[in-house]
Structure formats: C-alpha cells, structure tokens
Amino acid sequence: SSLGIRRTDPAMVAFLGSLRGTDLVSPVEVSTEAPALFPVGVTPLLVRATDGAGNVTRRTVNVTVLRFGEKAPPPPDLDPPADVTRLRAVAADHAVTLSWVLPTATDLAAIEVRIADADGVGAGRVVSRTLLPSVTLRGLRNGVESRFVVVAIDQAGNESRGVVIVAVPAAKRLALPKA
C-alpha cells in the first residue's frame, strides 16, 4: 500500500524466510523482531542468530521500502567467496607456517587468519590479513596447540565459512653434538 508493506505480504515473507546464518559446528536458528508494517523508507530490522551451543549474535539489516513506481537499485553482493583449499600447517620453533590455494573469486579482498588456543581462549583473534597463498605466524608458544581458522573475504565484506587447522609449534632438538 502507499503506507508500506505488511510482514505477511508474500514478498516480505520470502525475504524474512531467506535470512540465514552459518556455524562451523552446528545448525543456526535465525529470528527477527519484524514489525507488522514496514513503512515507506528505511526500517532497521534486528536479526538474531543462535547456534546449537546457545551462542547468539545480532546484526541490524536496513529494510528499504520504495514508493510505487520507484526503481530499486541493483541488489547488493551477498554471495560469500569459496573457502581456501589444500590448507596446510608446518610447525616450527615458536612459529607456524600456513599455506593454501586461493579461491578463484574475482572480487577476493583478503584472506584472514584467526587464532584460538585449543581451549578456546582468544577465539577469533585476527593474526593475519593477506592476499598471499601463505603466512608465517611467529611468537607462538611451543607445545601449545592452536586452532587456526582461515577465512576468505570478498570486496563486499562477505566471508566464507572458513577452514580450520590445528598446529603445535615445537623447538627442534639439537641432533649434534650430543648433550
């Protein structure tokens, strides 16, 4: 109507039903607090995603309702790039070298490496952002297992699901001369 679009309108039902969330481990339930009527103009919509462990994240999506006859701008890029492939980790003394094959996305902006100790401390801390097919992370603790998540990001800010690998830095023992 000239007032806006109802939440029960088939187009709005399809839009709300298309909202998705992803998690590396469990399914994600997505919910919103959609108003009964989205008026002409911009309406912020809170979207909540909850994973199987009960972790919750919230994002605000701006829903724009146009007047009759107005043309919509082209839709935004919502497609994430593919993940990196052939991820490898080579542990060294206080360091780990990660290498991968880059995805073929034409709008690839960065490969982000995030780290967390095996017990989850520091989860998601970004330790590298590059467009190269490898990175060496230094200053790690020997003997401590670390979990790395390698995520591809496109120019629109869409992120791939991420690929996980675990590595344990370790000092090489002196072979000669004998102690």
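The values are calculated or read from the model by the stated rules, or taken from the named source; none is laboratory data. All values derive from a computational prediction rather than experimental measurement. For neighbour counting, all protein chains shown are included, and Cβ atoms are generated from backbone atoms with ideal geometry for every residue, glycine included. Quick note on the areas: whole protein, heavy atoms, side chains included, nothing else; ligands and nucleic acids left out. Shrake-Rupley method; radii C 1.70, N 1.55, O 1.52, S 1.80 Å.
A compact table of results
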quantity: Cβ crowding within 10 Å averaged over residues, with 69-81, 23-35 ranked highest first; calculated: 23-35, 69-81
quantity: Of all accessible heavy-atom area on the stretch 85-173, the percent that carbon and sulfur account for (1.4 Å); calculated: 50
quantity: Cα-centred dipole magnitude for the chain, charges only on beta-carbon of K, R (+1) and D, E (-1), debye, nearest 20; calculated: 520
quantity: For Gly21, net neighbour charge (Lys/Arg +1, Asp/Glu -1) across residues whose Cβ lies under 10 Å away; calculated: 0
quantity: Sulfur and carbon atoms: percent of accessible area, the stretch 14-61 [1.4 Å]; calculated: 54
quantity: Distance histogram for the stretch 50-179 (every C-alpha pair counted, 5 angstrom bins, percent rounded to whole numbers); calculated: 2, 9, 15, 17, 15, 12, 10, 6, 5, 3, 3, 1, 1, 0, 0, 0, 0
quantity: Accessible-area value, Arg114, 1.4 Å probe, nucleic acids and ligands omitted, Å²; calculated: 50
quantity: Length-normalised contact order of the chain in % [C-alpha pairs under 8 Å, at least 6 apart]; calculated: 18
quantity: Stretchable slack from Arg161 to Ala95, in nm (0.36 nm times residue separation minus alpha-carbon distance); calculated: 21.3 nm
quantity: Spin-label model distance (nm) - Asn142 vs Leu19, 7 Å beyond Cα toward Cβ; calculated: 5.1
quantity: Simple spin-label estimate for Val42 and Thr60 in nanometres, 7 Å along Cα-Cβ; calculated: 1.0
quantity: Relative contact order computed over the stretch 28-89 (Cα-Cα under 8 Å; 6+ residues apart), in percent; calculated: 27
